[in-house]
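Structure first, commentary second.
The values are calculated or read from the model by the stated rules, or taken from the named source; none is laboratory data. Keep in mind that what you see is a predicted model, and the values were worked out from it rather than measured. Neighbour counts are summed over all protein chains in view; Cβ atoms, including those assigned to glycine, are modelled from backbone coordinates with ideal geometry.
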Amino acid sequence: MNKKTIKNEGFTLLELLIVIAIIAILSVILVLVLDPAETLKKSRDSQRMSDLSTMKTALGFYSTSTTSPMMAGASNTACKGTASLTAWQTGEDQIYYSYPSDAPGAAITDKVLDGTTFTTTYGGKQVTNANLGLTDGNGWLPVNLSGLPGGSPISNLPIDPVNTMTVGAVASTDLVYRYACLQTTGKYEIDARLESNAYTSDDNKMAKDGGNNANYYEVGTDLTILGTGTDF
């Protein structure tokens, strides 16, 4: 009778340690390559650029469908300047923000915006959290899109995916949408802050948008309404 040799096919301790080490190295490489935090930032930036494009399209439709477009509420006096001047009028002009004036937000207390010292009442304009998305002129963007024939071209006003800001010291690093218009022309500008390396370094969208400020991603019909500083 032939005897069969029984072969031990199990892993040795050394082999197991080598496999575990390889898995650990591959896991680290995978995390470094994918970078979940950066992926989330890039996704939010893509949403911001899409949101601003959506609002630009809606405002373009509004402007061409309205005989006398009101770009800042019931009248354009809240736009930057006057009918003949383009400088900020500190007693009536406003920069509009997507950050709510009540919880989970707070009222802006910083009076120095875009290099100008505003009064207590004017400067940074906000609405309540419940009204942020309204398209009837009472939302954070003060244009009555709902008054168009057939209604608003968008169901709700977009807000920044993070939507936070430092109300006592407003800065370009705040992740919030900003809007301003110019009374002399009725033109407007909407800005956002991008946060991912992909769109602020590798492919700096804020520097390539055609605007005058590389600290913001700017869209609109006049990208010089808001200045070149970092305090708005």
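Give all pairs with beta carbons closer than 6 Å in which a residue from region 98-116 that is over 21 Å from Lys80 (Cα atoms) meets a residue that is modelled with pLDDT of 95 or more and among the hydrophobic types (A, V, I, L, M, F, W, C); count only pairs at least 6 apart in sequence or on separate chains.
Pairs that qualify, where the first residue is over 21 Å from Lys80 (Cα atoms) and the partner is modelled with pLDDT of 95 or more and among the hydrophobic types (A, V, I, L, M, F, W, C), are Pro100/Leu132; Ser101/Ala107; Ala106/Val167.
Name every residue in region 212-225 that is within 18 Å of Thr173 (Cα to Cα) and more than 15 Å from the chain's Cα centre (by Cα), in order of residue number. Talk me through it step by step, then tell me what you get.
First pass over region 212-225, keeping only residues within 18 Å of Thr173 (Cα to Cα): 212-219.
Asn212 - this is the single residue of region 212-225 that is within 18 Å of Thr173 (Cα to Cα) and more than 15 Å from the chain's Cα centre (by Cα).
Looking at region 155-194, which of its residues are of a type in the set (Ser, Thr, Tyr), farther than 20 Å from Ser101 by Cβ and touching a strand residue (DSSP E or B) at 6+ places or on another chain (Cβ under 8 Å)? Break it down into steps so the answer makes sense when it comes.
Filtering region 155-194 down to residues of a type in the set (Ser, Thr, Tyr) leaves 155, 164, 166, 172-173, 177, 179, 184-185, 188.
Keeping just the survivors that are farther than 20 Å from Ser101 by Cβ gives 155, 172-173, 184-185, 188.
Tyr188 - this is the single residue of region 155-194 that is of a type in the set (Ser, Thr, Tyr), farther than 20 Å from Ser101 by Cβ and touching a strand residue (DSSP E or B) at 6+ places or on another chain (Cβ under 8 Å).
Would it be correct to say that Asn163 is more than 25 Å from Met71 (Cα to Cα) and not charged (D, E, K, R)? Lay out the reasoning, then the answer.
Numbers: more than 25 Å from Met71 (Cα to Cα): no; not charged (D, E, K, R): yes.
In short, no.
What residue, of Leu14, Leu26, Leu40, is modelled with pLDDT of 90 or more and exposed (fewer than 15 other Cβ atoms within 10 Å of the Cβ)? I'd like the intermediate steps shown before the answer.
Details: Leu14 fails: modelled with pLDDT of 90 or more; Leu26 fails: modelled with pLDDT of 90 or more.
Exactly one of Leu14, Leu26, Leu40 is modelled with pLDDT of 90 or more and exposed (fewer than 15 other Cβ atoms within 10 Å of the Cβ), namely Leu40.
What's the total number of residues in region 44-95 that are over 22 Å from the mean Cα position of the chain (by Cα) and part of a loop (DSSP other than H, G, I, E, B)?
Summing the residues that are over 22 Å from the mean Cα position of the chain (by Cα) and part of a loop (DSSP other than H, G, I, E, B) in region 44-95 gives 19.
Test Ile108 against the criterion of being outside any loop (DSSP other than H, G, I, E, B), of a type in the set (A, V, I, L, M, F, W, C), crowded, with 18+ Cβ neighbours inside 10 Å and under 20 Å from the mean Cα position of the chain (by Cα), and give yes or no.
It is false that Ile108 is outside any loop (DSSP other than H, G, I, E, B), of a type in the set (A, V, I, L, M, F, W, C), crowded, with 18+ Cβ neighbours inside 10 Å and under 20 Å from the mean Cα position of the chain (by Cα).
Taking region 192-220, which residues are in contact with a Phe, Trp or Tyr (Cβ under 6 Å, 6 or more places away or on another chain) and within 17 Å of Cys181 (Cβ to Cβ)?
Once the filter is applied, which keeps residues that are in contact with a Phe, Trp or Tyr (Cβ under 6 Å, 6 or more places away or on another chain) and within 17 Å of Cys181 (Cβ to Cβ), region 192-220 yields Ala192, Gly220.
Please verify whether region 164-178 includes one or more residues that are in contact with a helix residue (DSSP H, G or I) (Cβ under 6 Å, 6 or more places away or on another chain) and surrounded by fewer than 17 Cβ atoms within 10 Å (Cβ to Cβ).
Filtering region 164-178 for residues in contact with a helix residue (DSSP H, G or I) (Cβ under 6 Å, 6 or more places away or on another chain) gives none.
No - not one qualifying residue is present in region 164-178.
Is there a residue in region 216-231 that is under 13 Å from Lys41 (Cβ atoms), modelled with pLDDT of 95 or more and either polar (S, T, N, Q) or in contact with a Leu (Cβ under 9 Å, 6 or more places away or on another chain) (or both)?
Restricting attention to region 216-231, the residues satisfying the condition of being under 13 Å from Lys41 (Cβ atoms) are none.
Taking every residue of region 216-231 in turn, none turns out to be under 13 Å from Lys41 (Cβ atoms), modelled with pLDDT of 95 or more and either polar (S, T, N, Q) or in contact with a Leu (Cβ under 9 Å, 6 or more places away or on another chain) (or both).
In region 182-200, which residues are out of contact with any helix residue (DSSP H, G or I) (no Cβ under 7 Å at 6 or more places or on another chain) and either at pLDDT below 95 or in a strand (DSSP E or B) (or both)?
At the first step, the residues of region 182-200 found to be out of contact with any helix residue (DSSP H, G or I) (no Cβ under 7 Å at 6 or more places or on another chain) are 182, 184-185, 187, 189, 191, 193, 200.
Correct list: Leu182, Glu189, Asp191.
Quick one: in region 184-200, of everything that is hydroxyl-bearing (Ser, Thr, Tyr) and surrounded by fewer than 19 Cβ atoms within 10 Å (Cβ to Cβ), which residue is nearest to the chain's Cα centre (by Cα)? It would help to see each step written out before you state the result.
As a first pass, look at region 184-200 and keep what is hydroxyl-bearing (Ser, Thr, Tyr): 184-185, 188, 196, 199-200.
Those still in the list that are surrounded by fewer than 19 Cβ atoms within 10 Å (Cβ to Cβ) too: 184-185.
On the way: Thr184: 26, Thr185: 25 Å.
Per the stated criteria, the residue is Thr185.
Of the residues Ala180, Ala192, Ala207, Ala214, which single one is under 19 Å from Gly115 (Cα atoms) and free of Cβ contacts under 8 Å to residues at least 60 places away in the same chain?
Among Ala180, Ala192, Ala207, Ala214, only Ala214 is under 19 Å from Gly115 (Cα atoms) and free of Cβ contacts under 8 Å to residues at least 60 places away in the same chain.
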